[in-house]
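The values are calculated or read from the model by the stated rules, or taken from the named source; none is laboratory data. Remember, predicted model here, so these are calculated numbers, not experimental data. All Cβ positions, glycine included, derive from the backbone under ideal geometry; neighbour counts span all protein chains shown.
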Amino acid sequence: MGCAALLWGWLLLGCSWGPGLPAVGAAALSTTYVLDDAGGLGRQFDGIGAVSGGGATSRLLVNYQEPYRSQILDYLFKPNFGASLHILKVEIGGDGQSTDGTEPSHMHYANDENYFRGYEWWLMKEAKKRNPKIKLIGLPWTFPAWIGKGENWPYDYPDVTAYYIVSWILGAKQYHDLDIDYVGIWNERAFSSKYIKLLRYTLDKHDLQQVRIIASDRLWEPISFVLLLDSELHGVVDVIGAHYPGTKTVPNALLTKKKLWSSEDYSTFNDEVGAGCWARILNQNYVNGNMTSTIAWNLVASYYEELPFGRCGLMTAQEPWSGHYKVEAPIWITAHTTQFTQPGWSYLQVDGHLEGGGSFVALTDGLGNLTIIIETMTHNHSQCIRPPLPHFSVTPQRATFNLKGSFYMVETLQVWHSRLGFESGNSSLFQQLHPVKVWKGSFSLDLNMNEVYTLTTLKTGQKCGYPEPPPPQPFPSNYKDDFNIRNPPFSEAPNFADQTGVFEYFINASDPGDHVFTLRQVVVQRPITWASDADQTISLIGNFQWVNMTVTCDIYIEKQHDGGVFIAGRVDSGGIYVRRTKGVFFWVFADGTYRVTGDLAGEEILMKGLSGVRDNAWHTLTLNIQGTSTSGLLNGYPLWENVTISEPSNGWAAIGTRSFEFAQFDNFHVEAS
C-alpha cells in the first residue's frame with residue numbers, strides 16, 4: 001500500500017504533512033555550528049539495520065495472516081514508509097538456544113542439508129522484495145553438534161565450520177536467489193584467527209569474493225589488537241563489529257583504519273525510553289565512536305512477551321492469532337535517519353556535540369544533498385539496557401547552522417520532528433513541519449529536551465500507515481493442532497516456540513493410520529551452545545497467564561530403553577533461563593514408567609509409578625490442572641490424580657522430550673482459563 005502526498009491519500013493512509021516548527025521560548029544558550037565539505041568528508045555511512053533472530057525473535061511473525069503480515073513488513077523495510085531499514089541481519093540457525101528460543105539449522109547432521117527450514121529465508125526475501133538494495137548479514141549464535149565432533153567448540157575443525165557457513169551462503173543463493181553481503185564469526189564469543197582466514201579462503205574458493213567478513217561481534221578488543229599484529233588477518237576482516245559499545249570506541253580500533261560498526265545495539269524495551277535510547281545512539285555512535293552503522297537487536301518483538309527481553313524490538317507483533325500489532329516509537333525514530341540517507345553517503349567532518357547537550361550528525365550524498373539529524377535526549381529518558389549511561393545534562397538551546405562549501409547555495413530544508421513526551425503524554429512522532437528557509441547559508445532552531453529533528457534537502461520522506469489492526473486478544477483458550485498440513489509454508493507449527501531442541505513438521509510415511517503428519521523433535525545431540533540449553537528439549541505455546549488447563553497430546557517415543565516425552569502446563573520460563581524452568585510436567589518413558597515433576601530438569605518429583613508405555617507406539621497423554629490439584633490420564637484412563645501443586649501459579653503449555661532424541665507429537669489440544 002503506497003503513501004501519496006494527495007489529501008485523499010493523507011486521509012486514507014495517515015501520511016503526515018504537518019504544521020510549522022513548534023513554538024519554543026527563547027533559549028538561554030545560543031551556539032553556532034559550521035557545516036562545510038570544502039576540506040573533505042568524514043567516514044562513509046554504511047546504514048541502519050536490525051537483527052532478526054539471535055533468539056527466535058521473529059518466531060510469531062510468520063504466523064500472521066494477511067494483510068497484517070505484509071503491513072508489518074512494510075513498516076520495517078519499505079523505503080520512505082516507516083523504518084525503511086538499510087540492513088537486515090539474521091541468525092544462521094544452529095539448533096541451540098540463542099536468547100528467546102532456538103532456530104533450526106540448515107544442516108542438523110553432517111549428511112543433512114535443507115534450505116527451507118525456519119523463517120529467516122522468507123524474511124530476507126520479503127525484505128529484498130520491498131527494498132532490493134537492502135544489505136543482508138548472516139551470523140551464527142550456535143552450531144549443530146557435528147561441527148565440533150562432540151566438543152562444545154566450533155574452531156577445532158575450522159575447515160568443517162567454514163564449509164558449514166559457506167554452505168548456508170550458497171544455499172541462500174541457489175534456493176532463494178539471495179546474495180549475502182556480510183558474514184560474521186560467532187556471536188559474542190571468542191574468535192579464532194585461523195578460522196577467519198580459512199573462512200575467507202573458503203568463500204573465495206566458491207566465488208564468493210563479494211561476501212565481506214565482520215569480526216568479532218563482541219567487544220572492540222582483542223580483535224582490534226590482533227588485527228594490528230597480524231597483517232594477514234587484517235587483510236581478510238572488512239568490518240570490526242562491537243556489541244553495545246556505549247557510543248565509544250578504542251584507539252586500537254581506530255588505528256586499524258577498518259569500518260567500525262555497532263553490530264548489535266539497543267535491545268531495550270520499546271516504549272519512549274527505548275525510543276530515546278535509540279535516538280541518542282543512532283547519532284552518538286558516530287559522534288563519539290566513529291561508527292558508521294548501528295544495528296538494533298531486535299527487528300520486531302514477535303515472541304511471547306514473558307520470555308527474556310520481551311518487547312525489545314523496533315515494533316511489536318506478538319499476536320498472530322488476533323492480527324494485532326503495534327508500530328512503536330522506535331520505528332519513527334529510525335525513520336529520521338533512514339528515510340533521508342543511504343549507505344554510500346558520507347558524514348561531514350564536524351564535532352557533533354551540542355553545547356547544551358545532545359548531538360547532531362550531517363551527511364551528504366556528494367551530489368549536493370544534505371541531511372542533518374539532531375537529538376536532545378535527556379539522561380533519564382534515553383537509557384539503554386546496557387551499558388550503564390554516565391550522567392549528563394541537556395538544556396533548551398538555540399542552534400545556528402552555517403552552511404558552507406557546496407551547501408552554501410541551499411535555500412530550503414525540509415523539516416521532520418519528533419517530541420518524546422514521556423510523563424506529559426504530549427508525544428509527537430515523525431511529523432513534517434514547514435520547511436526552514438536558509439538565509440545566506442544560515443538558519444537557526446530552538447531546541448527543547450527530548451526532541452529529534454531531521455533537516456534535509458530531500459523531499460521524499462513520508463510517514464505512512466495503515467488502518468488500525470484488530471484489537472489485542474489473548475491466546476485462544478481452546479486451541480487445537482493436528483499438524484495435518486501436507487505442504488507447510490514453514491518447518492515449525494504455528495505458535496510453538498522451541499526453547500531447547502527443534503520441533504518440525506514430519507511425514508511419517510511408515511504409518512498408514514492416523515499419524516502420517518506429525519510434529520517431530522529432531523535434534524539428537526546437544527548443539528554447540530551459546531546459552532545454557534536445558535538437558536531436555538521443550539517447546540512452549542499459549543498464554544503465560546493461564547492458571548487452569550487441560551493439555552492433551554498423542555505422543556510417540558522413538559528412542560528405546562531410556563527415551564521419554566512430556567506434556568506440561570504452567571510453564572514459567574524459557575529463553576536463556578530455560579534450565580531453571582518450573583511447571584507441572586507429565587512424563588512417560590520407554591521403560592514403562594511415568595513421573596510428575598515440578599520442574600523441567602525432573603528433580604522435583606511429585607508422583608511416579610508404572611504406566612506400561614513403550615517405544616514405537618502411539619499413546620495419548622492428558623494433563624489436567626485445576627487450582628492446587630493436578631491429575632493425569634493415559635489413553636483416556638486415569639493414571640494418577642489429586643497431586644497437590646503450589647507453584648508456579650500460572651504459565652504456558654508445553655511439549656518436549658527427556659533428552660536430545662527423536663520423538664513425535666500429534667493432535668495437540670489445550671483448554672485453559
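Taking region 153-174 as the range and being part of a helix (DSSP H, G or I), surrounded by 14 or more Cβ atoms within 10 Å (Cβ to Cβ) and in contact with a helix residue (DSSP H, G or I) (Cβ under 8 Å, 6 or more places away or on another chain) as the test, the residues that pass are Pro158, Val160, Thr161, Ala162, Tyr163, Tyr164, Ile165, Val166, Ile169, Ala172.
Only one of Gly366, Gly357 is more than 30 Å from Arg69 (Cα to Cα) and surrounded by fewer than 17 Cβ atoms within 10 Å (Cβ to Cβ); which? Don't jump to the end; show me each part of the working.
Working: Gly357 fails: surrounded by fewer than 17 Cβ atoms within 10 Å (Cβ to Cβ).
Unique residue meeting the criteria: Gly366.
Candidates are the residues of region 572-595 that are assigned to a loop (DSSP other than H, G, I, E, B) and over 38 Å from the mean Cα position of the chain (by Cα); the one that is nearest to Ala531 (Cα to Cα) is Ala590.
Figure legend. Inter-residue proximity from region 418-437: first residues assigned to a helix (DSSP H, G or I), second residues surrounded by fewer than 18 Cβ atoms within 10 Å (Cβ to Cβ), beta-carbon distance below 9 Å, spacing 6+ or different chains. Indicated pairs: Phe422/Asn380. Across region 504-550, the qualifying residues are those that are assigned to a loop (DSSP other than H, G, I, E, B) and among the charged types (D, E, K, R), and the one among them that is nearest to Glu188 (Cα to Cα) is Asp533. Any chance region 311-331 includes a residue that's among the aromatic types (Phe, Trp, Tyr) and touching a Gly at 6+ places or on another chain (Cβ under 9 Å)? Looking through region 311-331, none of the residues is among the aromatic types (Phe, Trp, Tyr) and touching a Gly at 6+ places or on another chain (Cβ under 9 Å). Across region 96-152, the qualifying residues are those that are more than 16 Å from the chain's Cα centre (by Cα) and hydrophobic (A, V, I, L, M, F, W, C), and the one among them that is surrounded by the most Cβ atoms within 10 Å (Cβ to Cβ) is Phe143.
In the condition set (1) at positive phi; (2) charged (D, E, K, R); (3) in contact with a Lys or Arg (Cβ under 6 Å, 6 or more places away or on another chain), Asp217 is compliant with all but (3). Under 19 Å from His561 (Cα atoms), surrounded by fewer than 19 Cβ atoms within 10 Å (Cβ to Cβ) and in contact with an Asp or Glu (Cβ under 9 Å, 6 or more places away or on another chain) - does that describe any residue in region 619-632? Yes; the residues of region 619-632 include at least one that is under 19 Å from His561 (Cα atoms), surrounded by fewer than 19 Cβ atoms within 10 Å (Cβ to Cβ) and in contact with an Asp or Glu (Cβ under 9 Å, 6 or more places away or on another chain).
Can you go through Gly609, Gly602, Gly569, Gly598 and tell me which one is over 25 Å from Pro140 (Cα atoms) and outside any strand (DSSP E or B)?
Values: Gly609 fails: outside any strand (DSSP E or B); Gly569 fails: outside any strand (DSSP E or B); Gly598 fails: outside any strand (DSSP E or B).
Checking each option against the conditions leaves just Gly602.
Counting only strands (runs of 3 or more DSSP E) that sit completely within region 630-673, those holding 3 or more residues that are farther than 18 Å from Ala601 by Cβ and in contact (Cβ under 8 Å) with a residue 60 or more places away in the chain correspond to 663-672.
Residue-level analysis places Pro435 among those that are surrounded by fewer than 18 Cβ atoms within 10 Å (Cβ to Cβ), touching a Ser or Thr at 6+ places or on another chain (Cβ under 8 Å) and not assigned by TED's automatic domain parsing to the domain that holds Phe81. If you go through region 445-483 and keep only what is among the polar types (S, T, N, Q), outside any loop (DSSP other than H, G, I, E, B) and exposed (fewer than 14 other Cβ atoms within 10 Å of the Cβ), you end up with just Asn478. Listed by position, the strands (runs of 3 or more DSSP E) inside region 314-415 whose residues that are assigned by TED's automatic domain parsing to the domain that holds Gly542 and modelled with pLDDT under 95 number at least 3 form an empty set.
Residues in region 221-241 that are closer than 22 Å to Leu389 by Cβ and free of Cβ contacts under 8 Å to residues at least 40 places away in the same chain: Glu221 only.
If you go through region 269-292 and keep only what is in a loop (DSSP other than H, G, I, E, B) and under 25 Å from Ala362 (Cβ atoms), you end up with Asn290, Met291, Thr292. Filtering region 391-403 for residues that are within 30 Å of Thr550 (Cα to Cα), among the small types (Gly, Ala, Ser) and in contact (Cβ under 8 Å) with a residue 24 or more places away in the chain leaves an empty set. Among the residues of region 29-78, those identified as of a type outside the set (D, E, K, R), under 30 Å from Ala399 (Cα atoms) and under 20 Å from the mean Cα position of the chain (by Cα) are Gly47, Ile48, Gly49.
Sort out for me the strands (runs of 3 or more DSSP E) sitting completely within region 204-268 that have 1 or more residues that are of a type in the set (Val, Ile, Thr) and in contact with a Leu (Cβ under 6 Å, 6 or more places away or on another chain).
Working: elements: 212-218, 239-243, 259-266.
Passing ranges, in order: 239-243.
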